[in-house]
Each structure stands twice: as structure tokens, then as C-alpha cells.
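What follows is calculated from the coordinates using simple rules that are stated; it is not laboratory data. Source: prediction; values computed, not measured. As a convention, Cβ positions derive from the backbone with ideal geometry for all residues, glycine included, and neighbour counts pool all protein chains shown.
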Amino acid sequence: MGTLGLLGFGSNGWGALLLVATLMTLAVTATALAIGAVLGTIIASTKLSGNMLLVTLGNIYTTVFRGVPELLIIYLIYFGGSAAVTSVGQWLGYEGFLGLPSFAAGALAVGIISGAYQAEVYRGAFLAISKGELEAASAIGMPRALRLRRVIIPQVLRFAIPGLGNVWQLSLKDSALISVTGLAELMRTSQVAAGSTRQYFLFFIAGGLLYLLLTSLSDRIFNTAERRANRSMPASAMGQA
């Protein structure tokens, strides 16, 4: 079978499976980014709190999960989580092994890693806000919740967009490591296709091109979001940025 046939959408082609795998990669990356956003917000808050204990805990989190290899974290979450679930099942009277779902384990692992990077992005974005704006909001008696909603969050998101784009790209590539759990994402499907057809070069190149397509489209989306966010800001704020 020729190259077009192997990559096509016919009965013997792998095109449909590669397309589904690409969507799976996007799904696990988006889920991981959402998990990381929650964790990153919490960790950034602790590091900005001024409380020595909370600052130390935040520093430990970002140091550990940015310093430990991503694959090791995925192994720990997947196999450690499966062992924990199995122990709970045995305690409830269930016999046998209970594995943690590959999607959940992979998204959680990449999300934890993403959270460490997003924490630094949000912390840096908050520190980039003009102190004068925060002081002005306090001076006019703006309540804390309103100040957070009207001043802090919009500014943090605007300054964080470039960094979040980098974190997204990092998570997108980290998702390839989830293939070790058996999840049929893009890397895993490329491996299976290559092994089944013995066309290793063809399918690994095809997988690489699909990853490149995803990262290129992501760049465009984040660049567009950054331009629109900056365009909505007053000229004085743009000058300060």
C-alpha cells in the first residue's frame, strides 16, 4: 500500500485514527491546562501572600514540579494512583487490580506540572500591574472583591497571555509522554501505526507534522488573543506595559 493509502481515510488507512488521536491530544492538553490554572492560581496566591510558611510551600511546589522529569511524575500519578485505588477497592471488599483511567491520570499529571509553570506566570503578571492602579482603587474605597474583578484579574490575564501560550505549548508536548499509560493520543497512535505497518519513518514524520500543526495554530490563537487584549487597554496602560 502506498503512502497516501496508509495515511488516508480508507478501510486500511490510518488517517481517521490519527485524526481522533489528535483530538485526544487536544482534549488531554486542554484538561491539563485547566487543572494547572486552578493549581497555578492557588500557588501564585501563596507566593504573593507574604506569609513565610505559605511562600515556602509555594516555592517547594514550583521547584519540585519544574525540576523533576515529567515522565517520572506521570509514572508516579498513574501507577501510584492505581495502587491507591486498588487499596481502596480491597478495603471495600473488591478483589483484583483497579487501574486509574489513562486520560484522568495523564491530564492530572500534566496539569500538576503545568500548575507549577502557570504559578510563575500569574505571579509575574500580578507584579507587572502598576501599583498606582491598585492604590487608586483602594483610595476610592473599592471593595476587595470588586478590585479583584475589575482591576487585578483583567490585568493579570492580559500580562499572562504570552506566558500561558508557552505553558500550553509545553503541556502539548508533555502530552506525548502520556503514551506510556496506553492512552491513544497522537504519539501512541503513531507508534501503533508504525509498528503495525513497519513504516516507522512515515508515521513518526506524520505524527511530528501533526504536532507542528497544533503548535503553529496555537501560536496564532495566543498571538491574536494577546493583540486583542492589548488593543482593549487604554493608551496609558499600554505605555506602562
Which one of the conditions (1) free of Cβ contacts under 8 Å to residues at least 60 places away in the same chain; (2) on the phi < 0 side of the Ramachandran plot does Ala107 fail to meet, given that it meets all the rest? (1)
Given the condition in contact (Cβ under 8 Å) with a residue 60 or more places away in the chain, under 28 Å from Phe79 (Cα atoms) and part of a helix (DSSP H, G or I), answer yes or no: does some residue in the range 144-165 qualify? no
Please specify each residue of the range 39-65 satisfying the condition of being loosely packed, with under 13 Cβ neighbours inside 10 Å and either among the aliphatic types (A, V, I, L, M) or part of a helix (DSSP H, G or I) (or both). Met52, Leu53, Thr56, Ile60, Thr63, Val64
Which ones in the range 15-34 are buried (at least 19 other Cβ atoms within 10 Å of the Cβ) and under 12 Å from Gly111 (Cβ atoms)? Val28, Thr29, Thr31, Ala32, Leu33
Residue by residue through the range 5-25, note down the ones that are among the aliphatic types (A, V, I, L, M) and over 14 Å from Ala193 (Cα atoms). Leu23, Met24
Pick out the one residue from Tyr117, Tyr94 that is closer than 26 Å to Ala44 by Cβ, among the aromatic types (Phe, Trp, Tyr) and either under 14 Å from the mean Cα position of the chain (by Cα) or part of a loop (DSSP other than H, G, I, E, B) (or both). Tyr117
Among the residues of the range 103-131, how many are farther than 23 Å from Gly58 by Cβ and buried (at least 20 other Cβ atoms within 10 Å of the Cβ)? 2
